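The values are calculated or read from the model by the stated rules, or taken from the named source; none is laboratory data. Model, not experiment: these values are computed from the prediction. Here the Cβ is made from the backbone with ideal geometry for all residues, glycine too, and neighbour counts use every protein chain on show.
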Amino acid sequence: MKYSLKLAHLYGDLLNTYGDIGNILTLNYYAKQMDVQLEVDVISLNTPFKANEYDMFFFGGGQDYEQMIVSKDIQNKKQELSDFIEDGGPGLAICGGYQLLGKYYIGADGQKISGISALPHYTDSQDNNRFIGDITIKNEQSGDTYHGFENHNGVTYLGENEKALGTVINGHGNNGEDGGEGAIYNNVFCSYFHGPILARNGELAKKMLLIALERKYPKANLSQQKSLEIKPTY
Ligand code: GLN
């Protein structure tokens, strides 16, 4: 393989709901077509995240109980993760992972679960309700339409320098009020989509890989990769 990328799968042993690991399988699928060897490390409790060892990260969703455990440990990774994100490192965070990158998440029991404030959003809870079902959004800038399945109690409100991943066409999205779903901050993409998001929205997987490649190989001419028509075969 011509290129190699290393991905940190944050708390892959704890936050692994709704087949979110399929996002990594999808990245691997496209990586192969782009001549990229993708290496994956699960970085979990009591293991440092070393920003200079990774080219991208994935942070999946989970239950409030696991989120509480992760919330304590991730404070030790806060600095390195924030530096990676501020430096333009690409990442994908889904549901519980999305919530924990922000300021805080109020769990269904009313307990406050601290995030790392790497991104400026915060998440409150809804009383006796979850947003569950198919969802479709459109990213006005790229024109891309994304499809997925949402299942969350949390209602998220974006902060400064964050924009939504897309505008809700049907479904609930971040909070059921402002019409936004997910977040984009620097090169980090966040969403409530399970499904998993990348398996159903291959363009986003390709975009993430290209960002990582351009960052690691600034001198390589990757324009050919950009025009590569990659279509999933499954
Ligand atoms: N526990 C969080 C919530 O209910 C996240 C759920 C998830 O990751 N699917 O909002």
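Some notes on this structure:
- So G173, is it in a loop (DSSP other than H, G, I, E, B) and at pLDDT 95 or above: yes
- Any strands (runs of 3 or more DSSP E) falling wholly within region 27-110 and containing at least 1 residues that are more than 16 Å from the chain's Cα centre (by Cα) and closer than 30 Å to K2 by Cβ: 36-43
- Every condition in (1) at pLDDT 95 or above; (2) more than 16 Å from the ligand (Cβ to nearest atom); (3) over 13 Å from the mean Cα position of the chain (by Cα) is met by L7 except one, and the failing one is (3).
- Any pair with Cβ under 7 angstrom, 6 or more apart, that starts in region 111-135 at a residue that is over 22 Å from G148 (Cα atoms) and ends at one that is among the acidic types (D, E) and assigned to a loop (DSSP other than H, G, I, E, B): L119/E162; P120/E160; P120/E162
- G19 modelled with pLDDT under 95, of a type in the set (G, A, S) and either buried (at least 21 other Cβ atoms within 10 Å of the Cβ) or touching a Cys at 6+ places or on another chain (Cβ under 8 Å) (or both): no
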